[in-house]
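Encoded as structure tokens, the structure appears first; notes follow it.
The values are calculated or read from the model by the stated rules, or taken from the named source; none is laboratory data. Keep in mind the model is a prediction, meaning the values are calculated, not measured. Counting neighbours? That spans all protein chains shown, and the Cβs are built from the backbone with ideal geometry, glycine included.
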Amino acid sequence: MKRTFYGTTRSGEAVEAITLESGAASCTILTYGATLQSLTVPGRDGKPVDVVLGLGSLEHYEDNPDKCLGATVGRHANRIAGASFSLNGVEYPLATNDGPNNLHGGPTNFSTRVWKAEEVPGGVRFTYVSPHMEEGFPGTLTAQVTYLLEGTTLTLQYRAVSDRDTLCSLTNHTYFNLSGHASGSVLDHVLTLHAQRYTPSDDAAIPTGEIAPVENTPMDFRTPATLGSRIDEPFQQLLWGKGYDHNYVVDGPVGTLRPAAELASPKTGIVMEVETTSPGVQLYTGNYLDGRPSGKDGVSYQPRDGVCLETQFFPDAIHHANFPQPVLRAGEVWAHTTVFRFSVQP
């Protein structure tokens, strides 16, 4: 593990860049947001390919919290309708940072915080202590995410405890481009999702509460298909989201590590397999990337230049009793794992 000074936030906090290396793979994670800034794996020709979108400076990360490139987000990933929730008979108002709704825990969510880093065997563990009522959430929450790099497999282990009942749903918000972060559109990427069902949403990306089959819809990735093959069909869910921005119900029992997705680039031959213990995965095709601020190497990331596969609890689950609930009881441990495994097609 290599630790280097990356910069100082506007509030005066020092930020480090931590690099892990394992054979032909390497990654760099910032203590700002516990953010995956780069991930390099070999392509079909053996040359290294950086497969994640990232920004060029700390200033750019501070100016761009809404896109959360590569960051750890929480306390509650994705949306909470009406920017409020009720827990134990108490109503908790939250910030409105996505129209009338709350997104990723608020404008100063975990992606904007400086985490403490400590070396562990095979990787690095990041810890952030979120005080009681930060961004409106009850309880002092100690959140941890451990990045482990072994060969070309990157594992993220999440853990959180709270001294009061609260909500907790952590995820990583990396935008992947397996052709290389500067290679443009990902619509030629081939995706498979191990999901028979998804949660339809309204025009504000809030789930309706329905858990619907993907069969006979453009949402169906049970068999491999390119991201671009149906993204512009006149299907209401795609029209509202300007592409894919939807939660899928991962097949299999929650809490067990099981396949969620496979993504492949025909250009580099790089294949990424995703496994998770979480109940869902959000497929997001970077529909709102707008070229600002500039990314690594001065690249301007445009809409659909990256794709997110965010393992998570379902959006707005607290308002839908039929969804797995993101409630963390005082003293209990919230623990989930996500694995990104890379290989190369012939």
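Each row is one residue, and each column tells you yes or no for (1) surrounded by fewer than 18 Cβ atoms within 10 Å (Cβ to Cβ); (2) farther than 24 Å from ARG79 by Cα.
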position: GLN144; (1), (2): no, no
position: TYR158; (1), (2): no, no
position: HIS173; (1), (2): no, no
position: LEU193; (1), (2): no, no
position: ALA205; (1), (2): no, no
position: VAL214; (1), (2): no, no
position: PRO218; (1), (2): yes, no
position: GLU233; (1), (2): yes, yes
position: GLN236; (1), (2): yes, no
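Would you check if there is a residue in region 63-77 being over 23 Å from SER162 (Cβ atoms), of a type in the set (Gly, Ala, Ser), under 19 Å from the mean Cα position of the chain (by Cα) and surrounded by 24 or more Cβ atoms within 10 Å (Cβ to Cβ)? Yes, region 63-77 has at least one match. Looking across region 21-62, the residues that are within 17 Å of the chain's Cα centre (by Cα), of a type in the set (A, V, I, L, M) and within 30 Å of GLN345 (Cβ to Cβ) come down to ILE29, LEU36, LEU39, VAL51, VAL52, LEU53, LEU55.
Within region 94-115, not a single residue is assigned to a strand (DSSP E or B) and more than 29 Å from GLY291 (Cα to Cα).
Counting just the residues of region 107-129 that are hydroxyl-bearing (Ser, Thr, Tyr) and touching a helix residue (DSSP H, G or I) at 6+ places or on another chain (Cβ under 7 Å), which one comes out surrounded by the fewest Cβ atoms within 10 Å (Cβ to Cβ)?
THR108
With respect to the conditions (1) outside any helix (DSSP H, G or I); (2) modelled with pLDDT of 95 or more, ILE318 falls short on a single one, namely (1). Scanning region 42-67 for residues that are more than 15 Å from PRO293 (Cα to Cα) and assigned to a loop (DSSP other than H, G, I, E, B) returns GLY43, ARG44, ASP45, GLY46, LYS47, VAL51.
Candidates are the residues of region 283-299 that are among the polar types (S, T, N, Q) and modelled with pLDDT of 95 or more; the one that is surrounded by the fewest Cβ atoms within 10 Å (Cβ to Cβ) is ASN287. If you go through region 1-41 and pick out every residue that is touching an Asp or Glu at 6+ places or on another chain (Cβ under 8 Å), crowded, with 22+ Cβ neighbours inside 10 Å and not in a strand (DSSP E or B), you end up with 1. Once region 300-346 is narrowed to residues that are more than 19 Å from SER38 (Cβ to Cβ) and without any contact (Cβ under 8 Å) to a residue 60 or more places away in the chain, the residue that is surrounded by the fewest Cβ atoms within 10 Å (Cβ to Cβ) is ALA321.
Picking from residues in region 220-229 that are touching a Leu at 6+ places or on another chain (Cβ under 8 Å) and closer than 19 Å to GLY306 by Cα, the one that is surrounded by the fewest Cβ atoms within 10 Å (Cβ to Cβ) is PRO224. Residue by residue through region 238-274, note down the ones that are more than 21 Å from the chain's Cα centre (by Cα) and buried (at least 21 other Cβ atoms within 10 Å of the Cβ). Listed by number, the list holds a single entry, THR268. Close Cβ contacts (under 9 Å, 6 or more residues apart or on different chains) running from residues in region 181-210 that are free of Cβ contacts under 8 Å to residues at least 12 places away in the same chain to residues that are in a strand (DSSP E or B) and of a type outside the set (A, V, I, L, M) comprise THR208/THR199; THR208/SER201; GLU210/THR199. Just one of the listed residues (GLU135, GLU150) is at pLDDT 95 or above, closer than 24 Å to ASP66 by Cα, touching a Ser or Thr at 6+ places or on another chain (Cβ under 8 Å) and among the charged types (D, E, K, R), namely GLU135.
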